[in-house]
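Read the figures in this text as sums done on the coordinates, not as results from a lab. For clarity, every value in this text was computed on a predicted model and none was experimentally measured. Here the Cβ is made from the backbone with ideal geometry for all residues, glycine too, and neighbour counts use every protein chain on show.
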Amino acid sequence: MTFERDVNNFLAGWRGIVNKWGEFNANYYDRFQDLPAWYVENSNSALFSAAAWAEGHLALCEVDAEKKFYTGRPGRPATYTGRMDIELTIDNKTYWIEAKRRAFSP
């Protein structure tokens, strides 16, 4: 299967990861005629994390994180312990990535 990329405007560190992630998806498709993105977000997060490592960056999936949510009341947002899908470090800067699966319909 051929993947067509329209634009990759990511910063240099991200660009390599996104390209490698696309390459991993293409390789998987060539072997199984299927894509990890069709399944739960964990498989896609794991593949993105693997792409980060392959490009020389640090990444972990399912990291504990304190999250906030808006309660509608004045003051600070309420917090709860949850999980961040990916914690990615590029050039000593850490990013938290929350992945979502989007259902496609014909």
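Between Rg and the Kirkwood Rh of the chain, both from Cα atoms, what is the Rg to Rh ratio?
So for the chain, dividing Rg by the Kirkwood Rh gives 1.04.
Is the shape of segment 22-64 rounded, prolate or oblate, going by the alpha carbon gyration tensor and its root eigenvalues a ≥ b ≥ c, with a/c under 1.5 for rounded and a/b larger than b/c for prolate?
The shape class here is oblate.
Within a Cβ distance under 15 Å of ALA54, other residues only, what is the Lys/Arg minus Asp/Glu net charge?
Residues near ALA54 contribute 0 overall.
Cα axis of helix 12-32 to longest principal axis of the chain: angle in degrees, 0 to 90, nearest 10?
Approximately 60 degrees, to the nearest ten.
Please give me, ordered by residue number, the chymotrypsin sites (Phe, Trp or Tyr not before Pro) of segment 9-106 that lie in loop per DSSP and have at most 16 other Cβ atoms within 10 Å.
Passing both the DSSP loop test and the Cβ count: PHE10, TYR39, TYR70, PHE104.
Report the label-to-label distance for TYR80 and PHE32 in nanometres (one decimal), using points 7 Å from each Cα along the Cα→Cβ vector.
Going from the TYR80 label point to the PHE32 one covers 3.1 nm.
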